[in-house]
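Heads up: the structure comes next, in structure tokens.
What follows is calculated from the coordinates using simple rules that are stated; it is not laboratory data. Predicted model, so just to flag it, every value in this text is computed and none were measured. Positions of Cβ are generated from backbone atoms using ideal geometry, with glycine treated the same way; all protein chains shown enter the neighbour counts.
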Amino acid sequence: MKTTSLCFAVALVALLGAPPVAGQSGEKLIVYGDVTYFFGPGRPLNCTLNNRYKRGEPVGFRMTAINPATGQRDRMTQLTVHLSYAGKTVDVPMRDRQNEKQPERTFWVAKWIVPDDAPVGIVRYTVTAKDPQGRTGEFKPFEVEASQITVVE
């Protein structure tokens with residue numbers, strides 16, 4: 001099975017509310033998503049998946065957090081992107097993207113503009129989530145350079 005198919009299957013099971021895996025208490029949120037360009041609606045390449053960015057380009061994070069016991073998301077859950085580069089960590093809070101006009105957008109978003117001081121190379125990131133009941137979860141890309149954000153010239 002291709003990796004993308006496997007990722008889709010895992011996400012689909014989470015969204016459909018499959019029962020927790022044996023030994024899983026349901027206390028950890030399932031956090032997943034993607035990284036894309038966030039140029040703005042109607043602009044070329046907007047929402048195109050990517051992991052290579054130039055300084056000044058907008059990195060868009062789209063994530064969700066699911067309670068594995070219910071298969072549902074809680075819109076009050078707080079998600080934060082943690083970016084590590086140049087010896088520092090920058091925290092970027094995410095916001096719920098769903099609204100009355102676009103109820104299908106059941107995910108959170110955050111935008112980070114690659115700063116001028118970002119060195120060329122790998123920018124590592126994680127995303128943490130905490131729901132109102134105190135459950136937490138974390139998304140970490142694979143420990144493979146191609147899975148990270150890369151700043152290019």
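One table, with the values for the structure above:
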read-out	value
Modelled label reach - Glu27, point 7 Å along Cα→Cβ, region 65-98 residues with backbone N closer than 15 Å	68-69
Estimated inter-spin distance, Ile122 and Thr70, nm [label 7 Å along Cα→Cβ]	3.7
Distance violations [Cα-Cα > 21 Å] among Lys28/Lys101; Lys111/Lys140; Lys54/Lys88; Lys28/Lys130; Lys54/Lys111	Lys28/Lys101
At most 12 other Cβ within 10 Å, DSSP loop - chymotrypsin sites (Phe, Trp or Tyr not before Pro), region 102-153	Phe142
Net +/- balance of residues flanking Pro103 in space, Cβ distance below 14 Å, scoring K and R +1, D and E -1	+2
